[in-house]
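Below you'll find the structure, written out as structure tokens, and then a few comments.
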Amino acid sequence: MLERYKTLRQEASKEIVIKKSRFIGHAKPVASEEEAIAYIEEIKKKHWNATHNCSAYMVGERDEIQKQSDDGEPSGTAGKPILEVMRNQGLKDVVIVVTRYFGGIMLGAGGLIRAYTDGAVAGIEAAEAIIKVLHREVFIEVDYTWYGKIENELHGRQIRVGGTDFTDKVTVTCLPEEPEAERFVSWITDLTQGQAIIRLGESRYFIEGE
């Protein structure tokens, strides 16, 4: 799993007008190629009367799956520029569809490339780019006498806490960033003089800064 990657927060769309043609950039984060294809079909169905619904998507940790479609526009003037926007912005696991309603003025190849680029950018801006960071669950079980000290230290080091369970002992779910997990366990062990019971859990992504 990647330690961090850039993707989109949500599905969203935004419309721009270029020489009387309407371009609507639709963007969405996706987890699979199937989800990307389904979204493209959804937009095509919604905008069935549009002149074109051009699209591109990138899926996979190493961008293994990359597809594009000009949907009737001249070859290389729509799908490729949309895909290039994703690459240039470093996005992963994203699908973009740019819908065009022709306004009667021909744009030419260069104009189309710029228009579909701008349409893709508009969609991305609406969907909001975010950074997802991989964290590791670390469960710390201690006697109540240690809880106050651990709580203060975690707060001071700004360690993400997923929750706290109070039974006969206290179990704190901590979420250090994945590369720091081993060092974090050593630190907690030293902090509690080896009296904490520590278990590692799953790896989970969280949005950076939230």
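The values are calculated or read from the model by the stated rules, or taken from the named source; none is laboratory data. Quantities reported herein were computed from a predicted structural model and do not represent experimental measurements. FYI the Cβ positions are ideal-geometry reconstructions off the backbone, even for glycines, and counts take in every protein chain you see. SASA here: full protein model, heavy atoms, side chains in, ligands and nucleic acids out. Shrake-Rupley method; radii C 1.70, N 1.55, O 1.52, S 1.80 Å.
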With a Förster radius of 22 Å, plug the Cβ-Cβ distance of residue 11 and residue 114 into 1/(1 + (r/R0)^6) and report the FRET value to the nearest 0.05.
-> 0.35
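Loop only per DSSP, at most 14 neighbouring Cβ atoms within 10 Å: give me the GluC sites (Glu not before Pro) in the range 33-93, ordered by residue number. It would help to have the intermediate numbers written out before the result.
Working: sites: 33, 34, 35, 41, 42, 61, 64, 84; in loops: 61, 64.
Within the range 33-93, the qualifying GluC sites (Glu not before Pro) (loop, at most 14 other Cβ atoms within 10 Å) are 61, 64.
Could you state the accessible area per residue of the chain in Å², with a 1.4 Å probe and every protein chain left in place? Walk me through the intermediate numbers first.
Values: 11110 Å² over 210 residues.
Using a 1.4 Å probe on heavy atoms only, each residue of the chain averages 53 Å².
In the range 55-97, which trypsin sites (Lys or Arg not before Pro) are in a loop and have at most 10 other Cβ atoms within 10 Å, using DSSP for the loop call? Working shown, then result.
Numbers: sites: 62, 67, 87, 92; in loops: 62, 92.
Answer in residue order: 62.
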Considering only protein heavy atoms, what is the solvent-accessible area of residue 139 at a probe of 1.4 Å, reported in Å² to the nearest 10?
-> 50 Å²
So which aspartates and glutamates can residue 169 reach, going by Cα to Cα under 16 Å and dropping same-chain residues fewer than 8 places off?
-> 141, 143, 151
Calculated Rg and Dmax of the range 1-121 using C-alpha coordinates, Å | 13.7, 48
Spatially proximal lysines relative to residue 45 (Cα-Cα < 20 Å; intrachain offsets below 8 disregarded) = 14, 28, 67
How many percent of the alpha carbon pairs in the range 112-210 exceed a separation of 15 Å?
-> 66 percent
Dipole of the range 1-117, positive direction: furthest Cα of 110, 8, 55, with charges on the beta-carbon | 110
